[in-house]
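Shown next, in structure tokens, is the structure this report addresses.
The values are calculated or read from the model by the stated rules, or taken from the named source; none is laboratory data. Only a predicted model underlies this, so the values are computations on that prediction, with no experimental measurement involved. Here the Cβ positions follow ideal geometry from the backbone for every residue, glycine too, while neighbour counts run over all protein chains shown. Just so you know, the surface numbers come from the protein's heavy atoms only, side chains and all, with ligands and any DNA or RNA stripped out. Shrake-Rupley method; radii C 1.70, N 1.55, O 1.52, S 1.80 Å.
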Amino acid sequence: MTKVFHESDGKLENLIGKTISIIGYGNQGRAQALNMRDSGLNVIIGNKDDEYKKRAKKDGFQTHTITDAVKKSDIIFLLIPDEIIPEVFSKEIEPFTRENQSIVFASGYNIAFDLIKIPTTLNVILLAPRMIGVGVRENYLTGEGFFSFITVHHDVTGESWEILLALSKGIGTLKKGAVEVTCKQEAVLDLFNEQAFGPAFGRVLLSSIYTLIDQGYPPEAVLIEMYLSGEMAYTYEKMARIGLVKQTNFHSHTSQYGAMSRGVKYLNLPLKKTMKSILKNIESGGFAREWMKKSSKLKFKAIKFFAMKTKINSIEQKVRKSLELPAISFDEAYYQLNEEVLKELESVKDELKEFEEYFKDY
Ligand code: NDP
């Protein structure tokens, strides 16, 4: 039976006298820190000395170096990007921990794929919102809450579940519901959504856009129809609130008949087969190992560059101008490949061909 926790399962009293440090005042860090403080918890921030730290100070938090925050706290939230957690943990956190502290992850990634070793003297907790940081804050303020995936991965003190459920209440997720999953399940689900559903959806969206534009339909009308109206966001919202099939009742009978009857045209697409192979690759740790390689970081730069050059960007800019919508500003330098990177890319030239090919059409 899947366990789902609600508001009455969390007791904030279990955190009385405990100091919580938030390491990383970014997307999740800021939102979770503000929510917990508003819930009456004692929160401090550990961050490098830069813009994020300034923001934390401006928000009225006590700020420290990462190491000092670790020393001063009982519960340590690791809210920095997953790919840098292992290094920061081994250099700036682990040597300064003491027995019975709790380490809280917002993603199971590093635990799931064995990329980090946590001393057995520490509690290890997963509290992973299914919501971007801004949403974590907004849904706390409205009182609606948001879903999270949670678990206790390692319990030394025997009180990790009480701590986890109290923290869950503090960040506001129990208002909606927290579902127990393992760290591996959380990480795989997250990656699968990004790697199987995301690109398939992107391909379908762009194929639809180009099919229409190639047939002479006005780009302004096409983009409005396909996504600029924001109607799709409403449909997603209704799916979540009312149900996948029932929400179709908000559309006309013509729309429903057309959409439902044409589904069979896509019957033979090997979607599940492709998705299953993506899932297997994630589950086996293949993706995590690939992403750790230096060559993957290089490929990533090239892929971003190809994506930036795709024609949808220029179509979108023209359409936005014509519709008097604000232009999209890109930090060109972030996407450009400088001489040094271009030289390094020589080593992955062959692997890049398929990406170049893929983005050429799009
Ligand atoms: P961000 O990218 O917003 O994190 C930025 C923070 O990390 C800043 O405080 C930054 O400070 C710090 N940081 C970056 N590099 C370093 C470094 N080398 N050393 C020390 N600190 C560093 O992270 P997110 O909030 O997006 O993600 C945090 C966690 O939350 C991750 O585990 C992620 O998987 C999880 N998560 C994220 C969600 C999201 O929507 N973003 C949703 C659910 C979970 P500085 O620049 O000063 O170093």
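Observations on the structure shown:
- Residue in segment 265-286 that is among the small types (G, A, S) and in contact (Cβ under 8 Å) with a residue 60 or more places away in the chain present: yes
- Flag for Y234 being outside any helix (DSSP H, G or I) and either open to solvent by 80 Å² or more (accessible area, probe 1.4 Å) or within 26 Å of K318 (Cβ to Cβ) (or both): no
- Only a single criterion out of (1) under 23 Å from F192 (Cα atoms); (2) at pLDDT below 90 is not satisfied by F305, namely (1).
- Being within 9 Å of the ligand (Cβ to nearest atom) and open to solvent by less than 30 Å² (accessible area, probe 1.4 Å) is a description that applies to I23.
- The lone exception for F5 - which of (1) over 19 Å from A178 (Cα atoms); (2) open to solvent by less than 80 Å² (accessible area, probe 1.4 Å); (3) in contact with a strand residue (DSSP E or B) (Cβ under 7 Å, 6 or more places away or on another chain) it fails: (1)
- Scan segment 150-164 for residues that are surrounded by fewer than 22 Cβ atoms within 10 Å (Cβ to Cβ) and in a helix (DSSP H, G or I) and the total you get is 3.
Conditions tested, residue by residue: (1) farther than 17 Å from V104 by Cβ; (2) of a type in the set (V, I, T).
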{"site": "V136", "(1), (2)": "no, yes"}
{"site": "G143", "(1), (2)": "yes, no"}
{"site": "I150", "(1), (2)": "no, yes"}
{"site": "V156", "(1), (2)": "no, yes"}
{"site": "L189", "(1), (2)": "yes, no"}
{"site": "N193", "(1), (2)": "yes, no"}
{"site": "F197", "(1), (2)": "yes, no"}
{"site": "T235", "(1), (2)": "yes, yes"}
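- Listed by position, the helices (runs of 4 or more DSSP H) contained in segment 242-324 that have at least 1 residues being surrounded by 14 or more Cβ atoms within 10 Å (Cβ to Cβ) and under 27 Å from the mean Cα position of the chain (by Cα) are 271-283, 286-292, 294-309, 311-322.
- Residues of segment 99-129 that are open to solvent by less than 10 Å² (accessible area, probe 1.4 Å) and among the hydroxyl-bearing types (S, T, Y): S102 alone.
- Filter result for E13 (within 9 Å of the ligand (Cβ to nearest atom) and either touching a residue at least 12 places away in the same chain (Cβ under 8 Å) or open to solvent by 10 Å² or more (accessible area, probe 1.4 Å) (or both)): no
- Checking each residue of segment 181-195 against the condition of being in contact with a Gly (Cβ under 6 Å, 6 or more places away or on another chain), more than 30 Å from A307 (Cβ to Cβ), outside any helix (DSSP H, G or I) and open to solvent by 50 Å² or more (accessible area, probe 1.4 Å) gives no match.
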